[in-house]
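*Asks:* Pasting a structure here, questions to come.
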């Protein structure tokens with residue numbers, strides 16, 4: 001019982017960060033329908049940017065080991081958003097948005113190959129620049145815990161770093177969903193995704209809307225990556241481990257739904273942690289995909305996917 | 001207000017429009033009629049910038065439209081109610097109307113516009129929280145019209161508002177359009193296959209066939225023309 005509660009707590013905490021990670025891709029893949037296989041590598045860059053901001057750029061010296069990492073991680077978001085903006089401007093915009101009309105398969109084939117190419121460049125470029133040694137954003141909070149309880153005679157231990165990671169994820173998620181559902185920009189992004197032609201008739205610059213979504217999605221996933229890096233060591237190829245999980249989360253939550261992508265990521269985090277109760281840890285990822293298949297079998301549109309046809 | 005001169009356009013090699021010239025004066029209600037495939041929708045897409053013409057010019061209040069990027073044309077005061085309605089299915093009725101009001105004038109006049117739109121098209125007020133994708137065809141058409149009006153346009157372009165609607169619904173949509181026009185005096189350019197209704201309510205009409213203007217004139221001249229009577233009015 002104690003083990004179960006502990007795994008549940010761990011699952012909820014990691015799930016919140018996975019959720020944020022999936023939301024970043026959800027904006028690009030779910031809402032804008034652009035395939036980005038380099039998204040895991042954008043996250044890897046986010047981890048390194050947070051790492052270097054913390055260590056070399058002096059944030060550690062000014063803010064210390066407890067607050068410093070989180071400031072560096074939050075700053076990595078805007079850095080990667082700018083990076084994503086220019087990658088879209090220079091490369092992705094040629095195979096997405098208003099250009100898709102003249103491309104086969106809505107530009108998806110071209111996006112697939114282009115972003116796989118970008119992924120290879122980032123991975124191997126990362127290897128040259130950052131080296132292959134494992135890095136991590138170290139904070140004393142990663143190795144201390146809050147004790148919850150005792151409930152009856154059991155206590156649950158919450159790793160402090162993971163606890164803060166989860167709270168930061170939830171805050172950003174809340175801000176983002178307000179932006180998407182309430183603000184003018186958010187609504188015009190959804191309109192541009194729904195019907196690019198009609199959005200143009202409304203005076204919405206569809207390519208710029210796509211670029212905004214791409215930048216936002218890159219920045220969000222970078223922050224999620226930085227949060228993960230407080231507990232998990234990383235290396236230039238770390239994106240590969242996460243990108244499949246991200247796609248699974250987005251599809252699980254339902255294409256086009258930001259809230260759905262978050263719950264998709266949360267489900268994956270929970271399954272991953274809970275499966276360790278009954279399965280060897282090597283099978284964690286296998287368990288994720290067994291559950292994924294089961295859910296998709298019974299609910300093919302995902303948790304929040306709507307069966308409204310897109311015109 | 002809108003002046004189209006010798007416009008030619010088409011898809012890759014196939015020319016759809018061949019030297020089309022059309023003039024819409026401020027306050028006028030102009031109808032363009034003609035059979036399927038005459039190039040009516042292509043003409044509208046070219047005005048809105050979704051298609052690039054191969055020749056000719058389009059001027060809106062003296063501005064050379066071809067030099068204006070497509071997404072900027074709405075901001076000049078052109079509202080396009082597209083063929084097949086094309087509402088945003090995953091946005092609510094209210095959010096669809098807000099998208100119509102992305103232009104500066106639309107934002108400025110939002111409160112007054114929305115009041116008038118709800119008065120003209122009360123079904124939109126009833127359904128304001130509903131996703132547009134779940135509306136019926138007629139309701140979607142009214143939403144598309146309301147969305148166009150929400151931008152405070154100088155020119156409202158309507159592409160086959162009766163398309164795919166039951167005859168009684170189409171009649172109702174027409175009746176609403178005429179009422180809106182009567183109350184607002186808005187300049188309208190209508191493309192329509194329901195020739196009788198279109199010519200009856202318009203001040204001026206053009207007959208488009210195979211990408212060319214074959215006939216033009218005011219509503220009485222056109223309705224008295226033998227060719228129009230035989231081919232379109234069934235007389």
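The values are calculated or read from the model by the stated rules, or taken from the named source; none is laboratory data. All values reported here derive from a predicted model rather than from experimental measurement. Glycine also receives a Cβ, built like all others from the backbone with ideal geometry; neighbour counts cover every protein chain displayed.
*Asks:* Any residue that is within 24 Å of residue A:200 (Cα to Cα) and assigned to a helix (DSSP H, G or I) - is there at least one of those in the range B:148-168? Walk me through it before giving the result.
*Replies:* Residues of the range B:148-168 within 24 Å of residue A:200 (Cα to Cα): B:148-164.
Now drop any that are not assigned to a helix (DSSP H, G or I), which leaves B:148-149.
Yes; the residues of the range B:148-168 include at least one that is within 24 Å of residue A:200 (Cα to Cα) and assigned to a helix (DSSP H, G or I).
*Asks:* Given the structure, is residue A:132 over 30 Å from residue B:148 (Cα atoms) and either modelled with pLDDT of 90 or more or away from chain B (no Cβ under 14 Å) (or both)? So that I can check it myself, show each step before the final result.
*Replies:* Values: over 30 Å from residue B:148 (Cα atoms): yes; either modelled with pLDDT of 90 or more or away from chain B (no Cβ under 14 Å) (or both): yes.
Considered against the rule, which asks whether it is over 30 Å from residue B:148 (Cα atoms) and either modelled with pLDDT of 90 or more or away from chain B (no Cβ under 14 Å) (or both), residue A:132 comes out as yes.
*Asks:* In a loop (DSSP other than H, G, I, E, B) and modelled with pLDDT of 90 or more: does that describe residue A:172?
*Replies:* no
*Asks:* While we're looking at this one, here's another question. Against the condition touching a strand residue (DSSP E or B) at 6+ places or on another chain (Cβ under 9 Å) and either away from chain A (no Cβ under 14 Å) or buried (at least 22 other Cβ atoms within 10 Å of the Cβ) (or both), how does residue B:67 come out, does it pass? Reasoning before the result, please.
*Replies:* Working: touching a strand residue (DSSP E or B) at 6+ places or on another chain (Cβ under 9 Å): no; either away from chain A (no Cβ under 14 Å) or buried (at least 22 other Cβ atoms within 10 Å of the Cβ) (or both): yes.
So residue B:67 fails the test.
*Asks:* Would you check which residues across the range B:10-30 are in a loop (DSSP other than H, G, I, E, B), at pLDDT 90 or above and at negative phi and list them? It would help to see each step written out before you state the result.
*Replies:* Narrowing the range B:10-30 to residues in a loop (DSSP other than H, G, I, E, B): B:12-13, B:25-28.
Pick out the ones that are also at pLDDT 90 or above and you get B:25-28.
Of everything in the range B:10-30, those that are in a loop (DSSP other than H, G, I, E, B), at pLDDT 90 or above and at negative phi turn out to be B:25, B:26, B:28.
*Asks:* If you don't mind, another one. Considering only residues of the range B:111-147 that are more than 22 Å from residue B:179 (Cβ to Cβ) and part of a helix (DSSP H, G or I), which is nearest to the other protein chains (Cβ to nearest Cβ)? Before the answer, list the steps.
*Replies:* In the first step, residues of the range B:111-147 are kept if they are more than 22 Å from residue B:179 (Cβ to Cβ); the result is B:129-134.
Applying the additional criterion that residues be part of a helix (DSSP H, G or I) yields B:132-134.
Numbers: B:132: 9, B:133: 4, B:134: 7 Å.
Of everything passing the filter in the range B:111-147, B:133 is nearest to the other protein chains (Cβ to nearest Cβ).
*Asks:* So, residue B:196, is that one surrounded by 20 or more Cβ atoms within 10 Å (Cβ to Cβ) and either on the phi > 0 side of the Ramachandran plot or free of Cβ contacts under 8 Å to residues at least 40 places away in the same chain (or both) or not?
*Replies:* no
*Asks:* How many residues, within the range A:295-311, are modelled with pLDDT of 75 or more and either more than 23 Å from the chain's Cα centre (by Cα) or in a loop (DSSP other than H, G, I, E, B) (or both)? First the steps, then the outcome.
*Replies:* Taking the range A:295-311 and keeping what is modelled with pLDDT of 75 or more, we get A:295-305.
Remaining after also requiring either more than 23 Å from the chain's Cα centre (by Cα) or in a loop (DSSP other than H, G, I, E, B) (or both): A:297-305.
Number of matching residues: 9.
*Asks:* Say whether the condition of being crowded, with 21+ Cβ neighbours inside 10 Å, over 17 Å from the mean Cα position of the chain (by Cα), more than 8 Å from every other protein chain (Cβ to nearest Cβ) and closer than 27 Å to residue A:305 by Cβ is met by at least one residue in the range B:84-95.
*Replies:* Yes - at least one qualifying residue is present in the range B:84-95.
*Asks:* In addition: Of the residues A:258, A:204, A:268, A:220, which is within 14 Å of chain B (Cβ to nearest Cβ) and within 13 Å of the chain's Cα centre (by Cα)? Outline the logic, then answer.
*Replies:* Numbers: A:204 fails: within 13 Å of the chain's Cα centre (by Cα); A:268 fails: within 14 Å of chain B (Cβ to nearest Cβ); A:220 fails: within 14 Å of chain B (Cβ to nearest Cβ).
Checking each option against the conditions leaves just A:258.
*Asks:* Any idea which of A:196, A:233 is in contact (Cβ under 8 Å) with a residue 40 or more places away in the chain and away from chain B (no Cβ under 14 Å)?
*Replies:* Working: A:196 fails: away from chain B (no Cβ under 14 Å).
Only one candidate passes the filter, namely A:233.
*Asks:* When residue A:205 is evaluated against the numbered criteria (1) on the phi < 0 side of the Ramachandran plot; (2) buried (at least 24 other Cβ atoms within 10 Å of the Cβ), which criterion, by number, is the only one it fails?
*Replies:* Condition not satisfied by residue A:205: (2).
*Asks:* Something else: With respect to the numbered conditions (1) over 30 Å from residue B:46 (Cβ atoms); (2) out of contact with any helix residue (DSSP H, G or I) (no Cβ under 9 Å at 6 or more places or on another chain); (3) touching a residue at least 24 places away in the same chain (Cβ under 8 Å), which one is the sole condition not fulfilled by residue B:108?
*Replies:* For residue B:108, the exception is condition (1).
*Asks:* Now for a different question. Name every residue in the range A:97-129 that is more than 24 Å from residue A:46 (Cα to Cα) and surrounded by 18 or more Cβ atoms within 10 Å (Cβ to Cβ), in order of residue number. Steps first, answer last, please.
*Replies:* If we filter the range A:97-129 for residues that are more than 24 Å from residue A:46 (Cα to Cα), which is where we start, we get A:97-110.
Hits for the range A:97-129 are A:97, A:98, A:100, A:107, A:110.
*Asks:* Still on this structure, I have one more. What residue, among those in the range A:168-193 that are surrounded by fewer than 14 Cβ atoms within 10 Å (Cβ to Cβ) and more than 14 Å from chain B (Cβ to nearest Cβ), is nearest to residue A:139 (Cα to Cα)?
*Replies:* Filtering first and then ranking leaves A:171.
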